[in-house]
Amino acid sequence: MKTILMSSAVVLSMASLATTAEEMSTSFSWGDVTFQPRAYVGYADYKLDSGVFTFTEGDSLPLSGHLNFDHDNHDKIEFSGLIGGIGGTVGYGQFFGDFYYQSTLNEVAYSGYSTQERLVDEQTGETQLDFNYNRGDVKAQHADWALSLGYLITDRWAVFAGYKSGNTDWDQPIQLIAISPISGLIENAKISGKFDQDGPFLGTSYSFPIGPGALTLKAAYAYLDGAYKWSFNDYSLIDDMSQSVYLNLDGHSNAFSIGVSWTQSLTDNLGYSIGANYHQYRFDMSGTSTATEQNTGELNQDVTGGSLTEDLFTLTASLLYRF
């Protein structure tokens with residue numbers, strides 16, 4: 001029974017680069033095709049951090065700086081909260097296949113706030129408009145999925161390879177509401193961002209039987225294509241005018257993952273797993289991108305160099321069942 005349990009922990013721990021609870025528990029019948037679904041929930045800590053990029057506008061001298069993700073020019077997106085996922089493993093002999101999907105909730109990265117401001121005529125100094133400037137919450141969500149195929153070299157050691165994809169989305173609403181001499185909404189704007197990555201990965205895992213369960217260590221590496229997209233869309237109700245600014249960056253990421261988990265049987269078919277995983281993705285921009293302003297065409301800013309670092313730490317608990 002200990003050998004069977006250990007084989008199960010190894011096989012189901014390799015699944016993917018970013019899966020948070022891949023290990024299945026209890027016995028795993030390798031003589032026939034078997035299927036083991038799983039569901040998990042836990043805690044996630046996420047951060048997307050901008051490195052230094054080079055910005056050149058027209059004939060101006062190049063300037064170095066970070067990407068600004070929201071209205072207040074934050075150069076990182078950070079949030080923590082619940083994460084949940086589903087997955088499953090199909091096995092036959094020493095071979096196995098695995099899939100998973102997981103996602104955080106739509107969390108608040110930065111809380112919104114309001115200020116009361118005044119528009120003054122530069123020549124006369126007279127007040128033209130009093131208004132509230134409302135910056136909404138910056139909300140963000142991360143999700144990823146993966147497919148993998150692997151081979152159980154021994155009852156403790158497995159290797160695997162596959163394909164994974166992940167994305168992070170965030171947005172922030174902005175409103176200008178007039179107080180006097182008129183009142184009501186006068187301008188609506190929204191900042192939106194998206195960071196996508198996908199590509200192949202390789203990994204390995206090794207398990208140690210300890211008492212009634214097994215402790216599994218795993219590591220993986222991925223080389224991913226990445227794309228960063230940012231936009232600002234503004235609409236003025238006063239003059240019925242809209243304005244949009246877009247920035248798109250393409251590049252590649254080197255990604256690393258390490259994890260540890262404990263797997264144990266509850267019944268012949270039901271088990272549980274708890275685990276901790278850390279993933280880091282280093283995105284480096286390739287080529288040159290241009291920030292463009294729709295309608296006016298005034299902004300023509302080239303962006304070169306630079307990098308983004310994405311970190312994800314998770315603590316999860318899973319329920320696992322074998323059919």
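Evaluate region 284-300: report whether one residue or more is of a type outside the set (Ser, Thr, Tyr), outside any strand (DSSP E or B) and within 18 Å of residue 191 (Cβ to Cβ). Yes, the conditions are met somewhere in region 284-300. Scanning region 173-216 for residues that are surrounded by fewer than 18 Cβ atoms within 10 Å (Cβ to Cβ) and touching a Gly at 6+ places or on another chain (Cβ under 6 Å) yields a count of 1. For residue 131, are the conditions met, namely being touching a residue at least 12 places away in the same chain (Cβ under 8 Å) and farther than 30 Å from residue 257 by Cβ? Yes; evaluated as a whole, the condition is true for this residue. If you go through region 113-160 and keep only what is open to solvent by less than 80 Å² (accessible area, probe 1.4 Å), modelled with pLDDT under 90, at negative phi and not in a strand (DSSP E or B), you end up with 121, 155. In summary, residue 255 fulfils each of the numbered conditions (1) among the hydrophobic types (A, V, I, L, M, F, W, C); (2) closer than 25 Å to residue 77 by Cβ; (3) open to solvent by 20 Å² or more (accessible area, probe 1.4 Å) with the single exception of condition (3). Within region 55-108, take every residue that is within 23 Å of residue 313 (Cβ to Cβ) and small (Gly, Ala, Ser) and give me the one that is most open to solvent (accessible area, probe 1.4 Å). Top of the filtered list is 80.
If you go through region 46-63, how many residues are farther than 30 Å from residue 105 by Cβ, part of a loop (DSSP other than H, G, I, E, B) and at pLDDT 85 or above? Residues meeting the conditions: 2.
Residue 238 meets all of the listed conditions (1) exposed (fewer than 14 other Cβ atoms within 10 Å of the Cβ); (2) part of a strand (DSSP E or B); (3) among the aliphatic types (A, V, I, L, M) but one, namely (2).
The values are calculated or read from the model by the stated rules, or taken from the named source; none is laboratory data. Quick caveat: nothing in here was measured; it's all calculated off a predicted structure. Ideal geometry is used to build each Cβ from the backbone, glycine not excepted, and the neighbour counts take in all protein chains shown. Keep in mind that these areas ignore ligands, DNA and RNA; they rest on the heavy atoms of the full protein, side chains included. Shrake-Rupley method; radii C 1.70, N 1.55, O 1.52, S 1.80 Å.
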